[in-house]
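Below: one structure, written as structure tokens.
The values are calculated or read from the model by the stated rules, or taken from the named source; none is laboratory data. Being a predicted model, the structure only gives us computed values, none of them experimental. Positions of Cβ are backbone-derived with ideal geometry, glycine not excepted, and every protein chain shown enters the neighbour counts. Only protein heavy atoms, including side chains, enter the accessible area calculation; ligands, DNA and RNA are left aside. Shrake-Rupley method; radii C 1.70, N 1.55, O 1.52, S 1.80 Å.
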Amino acid sequence: MDGIEVPKYFLCPISLQIMKDPVTATTGITYDRESIEQWLLTCKNTSCPVTQQPLPPESDLTPNHTLRRLIQSWCTENASLGVDRIPTPKPSLDKSHFFKLIKQLQQPGSNIKALQELDFLAAKNERNRKFMVETGVPKALLSFIVNCFEEISVQGLAEALRVLVFIRIPLAKAKIFLQEYNDQIIKSLIWVLGCEFKPQVMVKSHAVLALKTMIQAASSGLLERLEPPFFEMITGVLKQTTTVSQQGMNAALHALLIACPWGRNRLMMVESGAVSALIELELGSPEKRTTELILGILFHLCCCADGRAEFLSHKGGLAVVTKRIMKVSPTADDRAVFILSLISKFVATNSVLEEMVEVGTVRKLCIMLQVDSTAPYLKEKAMGILRSHTDEWRKFPCIDKTFHKVY
């Protein structure tokens, strides 16, 4: 189409491409349906892109058949110049179609076909995903997953999980689902993590993402009742990093972090081997958000004696936490310093204090005190650690010189 002058009124004001399905908004401006629907469904403070007049998400979009025919005629006339003909668009799906698919999903003979169509429609556009949420597709999918768990069947799970991730269950709805199904949804998703799939990475990643949403929506009562298999499976995900995507890994960490405030949960995490798994994951130098999540969980686990013991039993624990200070983000600095404070306060044996010298912990804390950008409360926390063991650390010549610069 190079060198061909396209009539300006054939172009969508948003995409600047030839319109395939022109529709006119209530403001009188014509757009390509896909572009304006995406605009309405994803933009906040919605207004008409051209006139800036209010244009609510539920605004009527009237098909401009006359303009579509003109565009199709022009494309046909210029086909010899490389212009592709614009096909007549299919009628837009309405909510009744999704209600029909939900019914099919509940029937053993048609559920897989319904899942495949939902999968296709969810990937197609935001409008379909919005209709799915409004018609109750998330609840139907979760019910399907729970049934798979109860019947020990994996058929259709990949599609069901993929659609769930596509449509992003609102937290308000997730809370309602959890009240209806109690802990069966969480048990079902944990069960999925223990199943074998092809391809495994995407299915398990989607399962962890769905699980994170459920844990975010869970009540304190439900979080208090989490059982060992929950932590064992998620720790297994952390240990086998090739089984999930980076997004899935962060979702697994997020789920653990949400469960951390309860002492019972922390003990189960420690018993599942989470401390070692977290340190090993951090030694791989992950991305910023992953590090923040790891250090956040380690802080909570170091609040209990068993967690601190596991942390110190790993040869890389103190070293990697020390290394992350002033290298990642203020959030990471906060968690790292508080971890070191817990170690310093509760398990500062001679061997631990010596290790803190060897891996550079003392030196890093001294540097923090001299950096202007360090938050005042972190400087105070670092100073508290240093003061509590000054006499022991001064026995090391290299550290004695460092203290002279600080005090």
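Rounded to the nearest 10 square angstrom, W39 shows an accessible area of 80 square angstrom against a 1.4 Å probe.
For K239, list the lysines whose Cα falls under 28 Å from its own Cα; do not include residues on the same chain fewer than 8 positions away. Straight-distance partners of K239: K187, K198, K204, K212, K288, K315, K323, K327.
Classify the chain as rounded, prolate or oblate, taking a ≥ b ≥ c as the square roots of the eigenvalues of its Cα gyration tensor: rounded when a/c is under 1.5, otherwise prolate if a/b is larger than b/c and oblate if not.
Working: a/c = 3.06, a/b = 1.83, b/c = 1.68.
In terms of gyration-tensor shape, prolate.
Largest accessible area first, the residues R387, R68 order themselves as R387, R68 under a 1.4 Å probe with ligands, DNA and RNA left out.
Could you size up the charge dipole of the chain around its Cα centre, putting +1 on the beta carbon of Lys and Arg and -1 on that of Asp and Glu, and report it in debye to the nearest 20? Working shown, then result.
Numbers: 47 positive and 41 negative charges, 83 e Å.
For this selection, approximately 400 debye.
The figure for R225 is an accessible area of roughly 120 square angstrom, using a 1.4 Å probe on the protein chains alone. Rounded to the nearest 0.05, the FRET efficiency derived from the C-beta distance between S351 and Q247 at R0 = 45 Å is 0.70. Quick one: if the Förster radius is 35 Å, what FRET efficiency do E227 and V371 give, using the C-beta to C-beta distance and rounding to 0.05? Here the calculated transfer efficiency is 0.20. Explain nothing, just the number: relative contact order of segment 8-81, from Cα pairs under 8 Å at least 6 residues apart, as a whole percent. RCO, segment 8-81: 31 percent.
For segment 278-407, what class follows from the C-alpha gyration tensor (a ≥ b ≥ c being the square roots of its eigenvalues): rounded when a/c is under 1.5, otherwise prolate if a/b is larger than b/c, else oblate? Because a/c hits 1.5 or more and a/b fails to exceed b/c, segment 278-407 counts as oblate.
Counting only lysines at least 8 places from K124 when in the same chain, those with an alpha carbon closer than 20 Å to its own are K20, K90, K95, K100, K113. Considering only A319, Q72, L378, and ranking their Cα positions along the charge dipole of the chain that arises from unit charges at the beta-carbon of Lys, Arg, Asp and Glu, the one farthest toward the positive end is L378. Specify which residue in the list F120, T290, L93 is farthest towards the positive end of the charge dipole of the chain, using unit charges on the beta carbon of Lys, Arg (+1) and Asp, Glu (-1), about the Cα centre. My answer, from the dipole projection, is T290.
Take 83-95, 185-197 and order them by the average number of nearby Cβ atoms within 10 Å per residue, most first; the result is 185-197, 83-95.
To the nearest 20 debye, what charge dipole does segment 93-168 have about its Cα centre, counting +1 at the Cβ of each Lys and Arg and -1 at the Cβ of each Asp and Glu? All intermediate terms of the calculation are to be shown ahead of the outcome.
Numbers: 11 positive and 8 negative charges, 63 e Å.
The dipole of segment 93-168 has a size of about 300 debye.
Given the Cα-Cα distance of S388 and N78 and 0.36 nm per residue of separation, how much length would full extension add, in nm?
Details: separation 310, 0.36 × 310 = 111.60 nm, distance 8.23 nm.
Full-extension gain reported as 103.4 nm.
When K288, K198 are compared by accessible surface with a 1.4 Å probe, the order from highest to lowest is K198, K288. Here the peptides 350-358, 24-32 are ranked by packing, the mean other Cβ count within 10 Å, and the order with the highest first is 24-32, 350-358. Which of the three applies to segment 8-81, rounded, prolate or oblate, going by the alpha-carbon gyration tensor with a ≥ b ≥ c and a/c under 1.5 meaning rounded? Since a/c reaches 1.5 and a/b is larger than b/c, the shape of segment 8-81 is classed as prolate. When the Cα positions of L226, V362, L238 are compared along the charge dipole of the chain, V362 comes out farthest toward the positive end, with charges on each C-beta of Lys, Arg, Asp and Glu.
Sorting E232, E77 on solvent-accessible area from highest to lowest, probe radius 1.4 Å, gives E77, E232. From its DSSP helices (H runs of at least four residues, each -39,500 (n - 2.57)), the chain gives a residue-normalised ellipticity at 222 nm of -20000 deg cm²/dmol. Relative to the Cα centre, the charge distribution of segment 5-44, modelled as +1 at Lys and Arg Cβ and -1 at Asp and Glu Cβ, gives a dipole magnitude of about 120 debye. Each Cα pair under 8 Å and six or more residues apart adds its sequence gap; the mean of these over the residue count of the chain is a relative contact order of 8 percent.
Evaluate E = 1/(1 + (r/R0)^6) for S329 and L171, where r is the Cβ-Cβ distance and R0 equals 25 Å; express this FRET efficiency to the nearest 0.05. If you can, show how the numbers build up before the last one.
Numbers: r = 26 Å, r/R0 = 1.02.
Calculated transfer efficiency: 0.45.
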